[in-house]
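Please read the structure below before turning to the comments.
Please treat every number below as a calculation from the coordinates, not as lab data. This structure is a prediction, so every number in the text was calculated from the model and none was measured. Please note: Cβ atoms are built from the backbone with ideal geometry, for glycine as well, and neighbour counts cover all protein chains shown.
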């Protein structure tokens, strides 16, 4: 079902300034500034201008703020989530390992309405409700294993307007709300990317860490969609929610994994946690099993017994870059109603600090989403 779009999007007057949040450096919450004098971006050739309707909070937003991607940081996200890390080195504290340019508008997740187009883009796209691929290939000429992250190497969705390559901005026809649709780009594509890279098949047993978080909960749904048996690891207080997402079994985060799962019993591990529990994840993998990782919220430095790796013939997959079909497939899953996000809370964009505090507290189940001030273009 297509979300109704009026002619307002096509006829609206684009302002010169907008409200939004800028990140002014790596560090604590004081590095986030809500301003109402930001210039509205102008779409260049091949780009579209989007009136943002909603933008979800993701772990990567916090990791980028605190400089967690720097090799100078050796602990989990939560250790520096409030105030940042003293060991962060600015010159390598990004996805690409290069210094970020400040101020930066973050926001990897974007749902909105196209209100203007650059040269070479069909004007008929104006008015479309869209989401943006969060790992952009246009700006690196589609070179393999290279990308910019929306909201990191370029400005993202934590503002009233954002721009993106038309080629990587996808119209979505569905009955979801804007808030629901905003949860898809980062978390769901990360999860689908791991499943795609590890070639998860029907009937396989998949173990998912961090299953109550954004990527983990998406992975539970997407693994079940493929016909896999899902064993999920989560906090005890989130176990019922994870079961409702489709998990066949839930193991408490602080439990000894092999006592509940069994040695050599899992085909694939999808990991976003790493940290001290890493060795047990390899112990429960079958011989010839596959380990896919796309995060390390519990800590990036792990103990690896190389004998386990080679004697069990395990395959490791580091999962950041995504083939084009990953995001395209996601859009089709949404349009066919095969997945559905769980929304925890919605905040005005001006309350981003409170939203990130709640995110770090892990007390609210479901995705946390920001909405910018003002009416949404395309809505009567």
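In terms of packing, defined here as the mean over residues of other Cβ atoms within 10 angstrom, the peptides 262-272, 353-363, 244-254 line up highest first as 262-272, 244-254, 353-363.
Taking 125, 336, 65 in turn, the Gaussian network model of the chain (Cα-Cα springs below 10 Å) assigns the largest fluctuation to 336. Of all DSSP beta bridges in the chain, what percent run antiparallel (nearest 5)? Expressed as a percentage, antiparallel bridges in the chain total about 55.
How high is the relative contact order of region 290-346, given as a whole-number percent (alpha carbon pairs under 8 Å, six or more residues apart)? For region 290-346, the relative contact order is 38 percent. Each peptide in 33-41, 89-97, 304-312 was scored by the mean count of other Cβ atoms within 10 Å over its residues; highest first, the order is 89-97, 33-41, 304-312.
Relative to the longest principal axis of the Cα atoms of the chain, the long axis of helix 189-198 makes an angle of roughly 40 degrees. Rounded to the nearest 10 degrees, the inclination of helix 324-335 to the longest alpha-carbon principal axis of the chain is 80 degrees. Our Cα-only numbers for region 204-328 put the radius of gyration and Dmax at 13.7, 39 Å. Would you mind getting the Kirkwood hydrodynamic radius of the chain from its Cα pairs, rounded to one decimal in Å? This gives a value of 21.0 Å. Here region 1-147 yields Rg over Rh of 1.02, to two decimals, using C-alpha coordinates and the Kirkwood radius.
With the convex hull drawn around the C-alpha atoms of region 297-356, the volume per residue stands at 208 Å³. Over the chain, Cα pairs under 8 Å with separation of 6+ residues give a relative contact order of 20 percent. Helical runs assigned H by DSSP (4 residues or longer) give the chain a calculated mean residue ellipticity at 222 nm of -6000 deg cm²/dmol, each run adding -39500 (n - 2.57) before division by the residue total. Only Cα pairs under 8 Å and 6+ residues apart enter the sum, and on that basis the relative contact order of region 187-318 stands at 22 percent. The GNM of the chain, with springs linking C-alpha atoms under 10 angstrom apart, assigns the highest mean-square fluctuation among 216, 25, 120 to 120.
Springs between Cα atoms under 10 Å define the GNM used for the chain, and in it the highest mean-square fluctuation of 43, 341, 144 occurs at 144.
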